[in-house]
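The next block holds one structure in the form of C-alpha cells; read it before the comments.
Coordinate-derived values only; no laboratory data. The model shown is predicted, which means the values in this text are computed figures rather than measured ones. Ideal geometry is used to build each Cβ from the backbone, glycine not excepted, and the neighbour counts take in all protein chains shown.
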C-alpha cells in the first residue's frame with residue numbers, strides 16, 4: 001500500500017517536473033549553439049562520468065547486466081537514444097511550452113501502446129480521459145486556430161515530440177513488463193547506468209550521423225558549458241533519483257499526476273527567461289490534458 005502524500009513526498013515528486021521543464025527551456029536557449037543530437041550525446045557522456053563512481057560494478061564482467069544485454073540495448077535506444085534526442089530536435093522549431101504540453105499527452109500513448117502491443121485492457125473512463133487529452137494536444141498543435149488542422153500546418157517540432165512520447169511509452173511498458181536481473185533493479189544508479197551503457201552507443205551514432213550529413217558546429221562558451229552541466233546533473237540524474245523515490249512512496253498512479261506540472265513550470269520559465277508569454281490556448285490545453293488524466297485515474 002502506497003503511503004499518503006507527505007511534504008517530503010510532494011517535494012520528491014515536484015522536483016522532477018521542475019527539472020524536466022528546465023531541460024526544455026535550456027534546450028531552447030542553446031539550440032543555436034549545439035546540434036540537437038550532439039547535445040543529447042554530450043549530456044549523457046557527462047551523466048555517465050558523474051554516475052560512474054556509484055555504479056561502476058554494473059560494468060564488470062560478473063554483472064547480471066550482460067546476460068540481458070539485448071533488453072538494455074532496447075531500453076537505451078528508447079530512453080536515452082531516442083526520447084531526449086527527439087525532444088532537443090523538437091526544440092529547434094518549437095517552444096518549450098508547446099513541447100512540454102504536447103508531451104503531456106503521454107497517457108494517451110501509454111494506453112495505445114499497452115493495448116496494441118502488451119495486451120493491457122482499456123476501460124471506458126480511460127478512453128474518455130484520452131479523448132480530453134487528445135483535444136488538449138490538438139489545441140496546441142493548431143495554435144488555438146482549428147482551421148490550421150484542416151490545412152495540416154504543423155511545426156516540425158510538434159511531430160518530433162509526439163514521436164518522443166511514443167518512444168517513452170514503449171520504454172515505460174518494457175520497464176513494467178520485464179523483470180530486472182538480481183542486483184540491478186534494487187540499485188537506482190546501476191539500473192540507470194545499465195541503460196546508459198547502450199544509450200551512449202545509440203546517441204553517439206546519431207551524433208556522428210549529424211556531423212557527417214549536416215553542417216553541424218558547436219559554439220563553445222560559458223552558456224553552453226553551464227547548460228551541459230545542468231541537463232546532465234539535473235534532468236538526467238537528480239530528477240531520475242527523486243522520481244524513483246517518490247513513486248515508491250506514493251505509488252505510480254498518484255505520482256503520474258505530478259508529470260503534468262512540467263508544462264506549467266515550462267510556461268513560467270519561458271516567460272522569465274525567453275520572453276515567450278503563454279497564450280490563452282496554452283491554458284485551455286493544459287486544463288484539458290489534466291482533466292483527461294484525472295478522469296482516467298478515477299475508480
Expected sort for 158, 187 with the fewest Cβ neighbours (10 Å cutoff) up front is 187, 158
Residue separation between residue 93 and residue 271 times 0.36 nm, minus their alpha-carbon distance, gives in nm 62.3 nm
Assertion target for 82, 242, ordered by fewest C-beta neighbours within 10 angstrom first, is 242, 82
Residue separation between residue 32 and residue 117 times 0.36 nm, minus their alpha-carbon distance, gives in nm 26.8 nm
A correct fewest-to-most ranking of 269, 37 by other Cβ atoms within 10 Å would be 269, 37
Of 93, 262, 11, the most mobile residue in a GNM of the chain (C-alpha springs, cutoff 10 Å) is 11
Once residue 229 and residue 138 are pulled to full extension, the length gained, defined as 0.36 nm per residue separation minus their Cα-Cα distance, is 29.3 nm
If one builds a Gaussian network model of the chain from Cα atoms under 10 Å apart, the most fluctuating residue listed among 128, 200, 101 is 128
Diffusion coefficient in µm²/s returned for the stretch 36-135 by Stokes-Einstein, Kirkwood Rh over C-alpha pairs, 37 °C and 0.692 mPa s, is 199 µm²/s
Per principal axis, largest first, the Cα atoms of the chain extend in Å by 57, 51, 38
Distance in Å, no decimals, from the C-alpha centre of the stretch 1-63 to the one of the stretch 68-119 is 15 Å
Listed residues 172, 270, 62; largest mean-square fluctuation, Gaussian network over the chain with Cα springs below 10 Å, found at 62
For the chain, averaging the sequence separation of alpha carbon pairs under 8 Å that lie six or more residues apart and dividing by its residue count, the contact order in percent is 43 percent
